[in-house]
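A short reminder: the numbers here are calculations on the coordinates, not readings from a lab. All of these numbers come straight from a predicted model, not from anything done at the bench. As a convention, Cβ positions derive from the backbone with ideal geometry for all residues, glycine included, and neighbour counts pool all protein chains shown.
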Amino acid sequence: MRRRIFIGITVMLLLFLQLTVLGGCGMSQISKVTVVEQQDAEKTGAKMSGPNGVDISNKVELSLWMLGDTPKDLPLINEKINKLTERDLNCTVKFNMLNWSDYMQRYNLLLSSGQPIDLLFTAEWLNYNQFAKKGAFRELDSLLPQYAPELFSFVPKEYWDGVRVNNKIYTIPATWKEYVNPGFAYREDLRKKYNLPEPNSLENIEAYLEGVSKNEPSLALTSEQASDNGFGPYFTAYEVLNIKYKWIDLNMPYGLTGEYDNPTEINPYWGSQDFIDDMKMFKRWSEKGFWPKSALSNRDSIHNVFANGNSVAALSGENPNRYNESYLIIKNLYPDREIGYYPYARSTKLVKPVHPTHNGIAVPRTAVNAERALMFYEKLVLDKTYNYLSEYGIEGVHYAIEDNKYYKMLGDVKTNGFQREAINGWAWRNPSIMLFDKSFDQIKKIFDEFDTYSKPDIFMGFVEDYSPYQAERAALYQVQSQYLVPLQAGLVDNVEEAVDVFMEKAWAAGLYKIQVEYIRQWKEYCKEKGLG
């Protein structure tokens with residue numbers, strides 16, 4: 001009898017001690033117990049509950065695809081995040097990158113191949129509207145409130161409304177207000193050294209590049225290249241025309257343009273006198289060596305080439321945020337260099353903040369674990385630990401926080417294996433916890449300037465239906481690749497003859513049919529939205 005009493009007292013003491021230890025160790029000990037409970041649940045087949053009581057008994061691996069070149073320390077970051085997801089959501093995540101060299105082709109292939117993908121970056125420049133309309137993504141209206149309710153409440157209603165296609169939500173938009181209008185990034189130290197004009201017009205950009213070329217003939221001026229904006233192939237130097245025209249959108253497809261202040265009046269640009277004059281300018285620039293004769297075979301990112309100090313300027317690809325990234329890298333590599341930036345919108349006084357469709361994350365229709373994916377993405381956006389790991393890396397290894405608010409990269413661009421926003425997590429930027437380098441103050445000034453003359457982006461709400469001219473559209477794509485891109489790159493013998501050949505081929509491909517139907521759809525959209 002005494003032995004039984006002794007055993008009973010011993011058990012009670014052990015239980016008391018265990019409770020005391022748990023009380024003294026706080027949340028970290030509770031987390032350990034939770035992990036043990038999860039492991040026990042896996043062995044016994046009992047249900048495991050995650051956030052909001054969702055059953056997460058089945059351990060899964062999520063597949064996330066982003067755009068950009070793979071940073072060296074991504075495996076390390078992936079491993080750190082997986083320790084969190086295993087603890088919190090009973091899952092792991094595989095981060096995958098689509099390198100810039102062929103991102104558009106691979107992106108289209110991903111969505112057409114049937115490959116299982118749980119989360120995928122989306123943007124209007126990746127044809128979000130068209131893919132959503134074709135059923136490439138899961139509808140999220142019912143899933144978000146159930147599996148990511150905090151995230152659903154965090155994103156303002158106007159942002160959800162902005163990404164709707166056929167009145168349905170197919171992507172989760174970023175909530176940080178930014179401007180991604182392009183500008184001219186350049187070596188300011190060379191401008192001052194050779195007393196060259198400020199590059200605030202087409203004429204002065206030409207004078208600047210020509211002046212550098214004459215004084216520093218060994219330097220590569222730009223690294224412009226052939227690309228695809230979702231509407232077809234083009235030569236990237238074309239973006240410099242943002243300094244000249246107040247079009248609704250420089251990338252309105254099929255050679256059409258419309259002035260922002262009169263959006264229902266759509267006119268042909270291809271074949272016009274403006275088009276011929278612009279192509280003659282690009283040929284002149286090509287002959288002056290502003291880009292190499294091999295430009296159409298360039299594969300390195302224009303941004304990376306400029307940021308690493310291997311070109312004097314960038315005519316395209318440098319919106320204010322990208323410019324700031326370049327500024328940080330160049331100052332790290334070449335402290336004596338001075339970098340300048342001229343936003344093209346400063347000349348036209350037409351600038352548009354990003355549309356909600358600009359940076360987003362969708363759940364493709366091929367997703368195997370859509371519910372767990374949304375639970376994980378809610379963590380990426382709202383949980384500071386997840387967010388900072390994926391956006392900035394490991395504190396003390398990749399970055400430090402100065403004055404409790406500024407980001408500071410540790411090491412240099414050659415030794416740091418995960419620089420700020422290394423995997424381009426633009427979609428899960430959280431304005432309430434974002435970290436910026438001190439240099440970003442210069443970008444805030446540009447944004448403040450833009451705020452004084454910004455206008456809504458009326459183009460991004462338009463969803464084109466190209467089913468009536470799908471065959472013609474495919475044929476025109478090939479014509480653009482073969483005839484338009486070399487014309488824009490100035491790699492033709494005679495501009496006017498090359499324009500005639502391009503237009504002849506475009507008409508034969510069905511350009512007229514495409515333009516008539518596209519203009520009809522656009523005018524219907526304008527009428528519906530009360531534009532013009």
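What residues have an amide H closer than 5 Å to that of ASP69, excluding those fewer than 5 places away on the same chain, when H is modeled at 1.01 Å from N in the peptide plane?
Amide H neighbours of ASP69: TRP100.
To the nearest 0.05, how large is the calculated FRET efficiency for ASN167 and GLU395 if R₀ is 41 Å and r is the Cβ-Cβ distance?
0.45
Dipole of the chain, Cα-centred, from +1 at each Lys and Arg C-beta and -1 at each Asp and Glu C-beta, to the nearest 20 debye?
1800
Using only the Cα atoms of segment 177-320, each taken as one equal point scatterer with no solvent, compute I(q) by the Debye sum, divide by I(0), and report log10 of the ratio at q = 0.10, 0.13 Å⁻¹.
Debye intensities relative to I(0), on a log10 scale: -0.36, -0.60.
Work out the length of the dipole vector of segment 391-480 about its Cα centre, built from +1 on the beta-carbon of each Lys and Arg and -1 on the beta-carbon of each Asp and Glu, and round it to the nearest 20 debye.
200
For SER57 and TYR334, what is the calculated FRET efficiency with R₀ set at 56 Å and r taken between the beta-carbons, to the nearest 0.05?
Approximately 0.55, to the nearest 0.05.
Per-residue HN-Hα couplings for segment 244-255, Karplus 6.51 cos²θ - 1.76 cosθ + 1.60 at θ = phi - 60°, whole Hz, x for Gly and Pro?
Working through the residues one at a time gives 10, 10, 9, 6, 3, 7, 4, 9, 4, x, 6, x Hz.
Would you mind computing the Rg to Rh ratio of the chain from its alpha-carbon coordinates, Kirkwood style for Rh?
The Rg/Rh ratio comes out at 1.05.
I'm checking a number: the convex hull volume of the Cα atoms of segment 252-318, normalised per residue, in Å³. What is it?
Spelled out: Cα convex hull of segment 252-318, divided by residues, is 132 Å³.
With respect to the cross-link table entries LYS157/LYS529; LYS246/LYS523; LYS445/LYS523; LYS352/LYS438; LYS283/LYS352; LYS280/LYS455, which display a Cα-Cα separation exceeding 28 Å?
Cα-Cα > 28 Å for LYS445/LYS523; LYS283/LYS352; LYS280/LYS455; rest within.
Counting only residues 5 or more places away or on other chains, whose amide H sits under 5 Å from the amide H of MET97 once H atoms are built in the peptide plane?
When sequence neighbours closer than 5 places are left aside, the close amide H contacts are MET66.
Using θ = phi - 60° and the Karplus form 6.51 cos²θ - 1.76 cosθ + 1.60, what ³J(HN,Hα) does each residue of segment 499-512 get, whole Hz, x for Gly and Pro?
5, 4, 5, 4, 5, 4, 5, 5, 4, 5, 6, x, 4, 4
Helix-only mean residue ellipticity at 222 nm, the chain, DSSP H runs n ≥ 4 weighted -39,500 (n - 2.57), per residue, nearest 500. What is it?
Dividing the helical sum by the residues of the chain leaves -13500 deg cm²/dmol.
Report, for the chain, the % of DSSP beta bridges that are antiparallel, rounded to 5.
65
Report, in whole Å, the centroid distance computed from the Cα atoms of segment 84-134 and segment 342-408.
15
Please identify which residues in segment 432-455 have an amide N closer than 13 Å to a label point set 7 Å out from the Cα of TYR406, following the Cα→Cβ vector.
Under cut-off, by backbone N: 436-442.
Between VAL351 and residues 5 or more places away or on another chain, which pairs have amide H atoms under 5 Å apart, with H built 1.01 Å from N, and which residues are they?
Excluding prolines and chain starts, which carry no amide H, the hits are LYS455.
On a C-alpha basis, how far is the centre of segment 54-79 from the centre of segment 181-210 in Å? Whole number, if you could?
42
Only residues of segment 299-314 count here: report those whose backbone N is under 12 Å from the spot 7 Å along Cα→Cβ of LEU219, or say none.
309-314
Around SER101, under 14 Å between beta carbons, what's the net of Lys plus Arg minus Asp minus Glu among the other residues?
-2
Compute the FRET efficiency between GLU528 and GLN470 as 1/(1 + (r/R0)^6), taking r as their Cβ-Cβ distance and R0 = 25 Å, and round to the nearest 0.05.
0.60
Which of the aspartates and glutamates could a cross-linker span from LYS133 if the Cα-Cα distance has to be under 19 Å and same-chain partners fewer than 8 positions apart are dropped?
Reachable aspartates and glutamates: ASP118, GLU124, ASP141, ASP161, GLU464, ASP465, GLU517, GLU524, GLU528.
I need the phi-derived Karplus couplings for segment 439-450: 6.51 cos²θ - 1.76 cosθ + 1.60, θ = phi - 60°, integer Hz, Gly and Pro marked x.
5, 5, 4, 5, 6, 4, 5, 5, 4, 4, 5, 4
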